[in-house]
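Engineer: Got a structure for you, written out below as structure tokens; questions coming shortly.
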Amino acid sequence: MLKTLNALSLLIYFPLILTAQIKPREKSELNYRLIAFTFPAEARTQTYLLELAKGNYYSVDSFKNNIIQSVRSKQNNTIAEVPYFGCQYTWRITYIFGKQSKTVSNLFHFNTGIIPEVDSNITHLRISYPYKRHKDAFILLDGTKVLYNIKGQPVWYMPLIEGKTLQPQDIKITPQGTITFIADGHAFEINYDGTVLWRTPDNTVMNEQPINFNHEFTRLNNGHYMALKYEQASCSVEKAEDCSYHIAMIKNNLPGNNKNIRKVLHGEIIEFDDSGKIVWSWNSEKYYEESDILNSRLLNPGLSHYNPAPGIEDYRQKIVDIHENAFQFDEINKILFVSCKNLNSILKIKYPEGTLLNIYGQENKKAPHSGVNKLFSAQHAIKHSCDGRIFVFNNNHDNPDSSSTIEIFKEPDSDEGNLEKIWEYPCSTEIHSKDGFPAGGNVIELSDKSIFVSTAAPDNKLFIINLNKEILWSAAPERWSSEENKWVGITEYRASVIENRKLMDLLIMGENK
């Protein structure tokens, strides 16, 4: 009798707390198939039974006839996977108190959304080599804005962010179980549902110019954020005395009385606190002033971009750009590593002083930008490991007859030395592109010392390789082209990997845990 009364009391109590504690919300549309279910707890419950049916049902009999999955849990939350995007689902919870007693909740409803990037008739991640390891890994692509499991099945897609369809760049999962990326000139942090948790402020201005973020954005372990942006400086020759040092250096190299505007692009890495306040920054303008870059490489086509106006020689419209395209902050040792694509160099910078400790890559330390770098060129991604190794995706522009490569280097024992190459892997090109991989790319060391690689354009290959150079998994994102009547590659900037199921669960559960 007592058990019956307790069960009845739960039935009366359940609807009163339903709205606050039931997730997914009633009739919500989800941008994922891996779902965190939460429901009210009951102290006497020994087991919670989640039942899922494909379809939208309000009749218990219809629901029971279409159950596709049952999941038991000791807690009042659990993770379950539904099979399809673009479908409706019904679910309920059974509270089991003992062998003879149970209480059943109401029926709840949700649907999964769909976009072309998760429609397998339009977009897919083609698996060319099934996984040998990392069966619990997930791959996050910025080109498709989709998270896939290691089998190539989409499990999450980026929904509308602040009401907009955004194309992310440098999208990745943080150790805190959130997602960061750059889009529309801003850096964002969102949760699994797409709710914006943090973003760069709209009114962020430095040197009287709005900040446009690009290339790389990272959440730090202390809750701060680091983002990279470009800044353009220019002035006319006749006002050279009013220009900064590095602009004046350019003007002094110009012949005659040239009054055309000269421009220099320099990168700035900015650290924000969680309120959006700028707490630290490093600008490569300081590096210009401390190096021989402008004097020795002013007229080097590899360093500059041309946009000549009619009747004006190319060099008069030159834009100097060392093209900072990646960074990594070693929070423990307070060292910042910055990749400069057009210098074929990696800068090692002391934090927070901002002083330049070393220039990795160039052979001639006394004139670091006058010689050829035989280690790497036009590198795109850099990663620094805790044991002093540096991983580089080497686009290899200075060697057009060679493929792009994955490089691992050992750092020197002192700031006077250069990197020592200890491992290399040439990236083959499936489409036999004469340009290899001219842009993009990424490389990430995994916990078992194998390496995840995204080759970016034009092949857009993804693979995991061990140090014995054995491929452990390989895939390629593709989109169906009705014009060409075939599958074509999707351009990626960078891809990231989640190899830890614990981190994936943290992302899924979020505030529901």
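The values are calculated or read from the model by the stated rules, or taken from the named source; none is laboratory data. All of these numbers come straight from a predicted model, not from anything done at the bench. Cβ: placed from backbone, ideal geometry, glycine included. Neighbour counts: every protein chain shown.
Engineer: Report the residue count in region 183-206 for those that are at pLDDT 95 or above and β-branched (V, I, T).
Structural biologist: 3
Engineer: Just name the residue that is modelled with the lowest pLDDT out of those in region 416-473 that are under 18 Å from V488 (Cα atoms) and basic (K, R).
Structural biologist: Out of the qualifying residues, it is K434.
Engineer: Sort through T90, T103 and tell me the only one that's assigned by TED's automatic domain parsing to the domain that holds F37, free of Cβ contacts under 8 Å to residues at least 60 places away in the same chain and of a type in the set (V, I, T).
Structural biologist: Just a single option satisfies the conditions, and that option is T90.
Engineer: For K151, indicate whether it is within 22 Å of G510 (Cα to Cα), assigned by TED's automatic domain parsing to the domain that holds N214 and at pLDDT 95 or above.
Structural biologist: Answer is no for this residue.
Engineer: Related question: Identify all residues within region 102-125 that are over 27 Å from T491 (Cβ atoms) and assigned to a loop (DSSP other than H, G, I, E, B); write none if there are none.
Structural biologist: Scanning region 102-125 gives S105, N106, L107.
Engineer: Right, something else. Residue pairs, Cβ under 9 Å, 6 or more apart or interchain, first in region 64-83 and not assigned by TED's automatic domain parsing to the domain that holds T45, second among the charged types (D, E, K, R) and outside any strand (DSSP E or B). List them.
Structural biologist: none
Engineer: Okay, next question. Tally up the residues in region 380-412 that are loosely packed, with under 15 Cβ neighbours inside 10 Å and either touching a Phe, Trp or Tyr at 6+ places or on another chain (Cβ under 8 Å) or closer than 18 Å to H215 by Cβ (or both), please.
Structural biologist: 1
Engineer: Another one. Condition check: within 19 Å of E492 (Cα to Cα), modelled with pLDDT of 95 or more, more than 12 Å from the chain's Cα centre (by Cα) and crowded, with 17+ Cβ neighbours inside 10 Å. Does Y157 satisfy that? Can you show your working first?
Structural biologist: Numbers: within 19 Å of E492 (Cα to Cα): yes; modelled with pLDDT of 95 or more: yes; more than 12 Å from the chain's Cα centre (by Cα): yes; crowded, with 17+ Cβ neighbours inside 10 Å: yes.
Against the criterion (within 19 Å of E492 (Cα to Cα), modelled with pLDDT of 95 or more, more than 12 Å from the chain's Cα centre (by Cα) and crowded, with 17+ Cβ neighbours inside 10 Å), Y157 qualifies.
Engineer: What single numbered condition from (1) more than 28 Å from L140 (Cα to Cα); (2) part of a loop (DSSP other than H, G, I, E, B); (3) in contact with a helix residue (DSSP H, G or I) (Cβ under 9 Å, 6 or more places away or on another chain) fails to hold for K99?
Structural biologist: Every condition holds for K99 apart from (3).
Engineer: Within region 197-214, does at least one residue satisfy the condition of being within 24 Å of L30 (Cβ to Cβ) and in contact with a Lys or Arg (Cβ under 7 Å, 6 or more places away or on another chain)?
Structural biologist: no
Engineer: Quick check on region 37-64: of everything there that is of a type in the set (A, V, I, L, M) and over 38 Å from the mean Cα position of the chain (by Cα), which residue is nearest to Y89 (Cα to Cα)?
Structural biologist: In this case the residue turns out to be V60.
Engineer: Let me ask something else. Answer yes or no as to whether I382 is farther than 15 Å from A456 by Cβ, part of a strand (DSSP E or B) and either aromatic (F, W, Y) or at pLDDT 70 or above (or both).
Structural biologist: The answer is no for I382.
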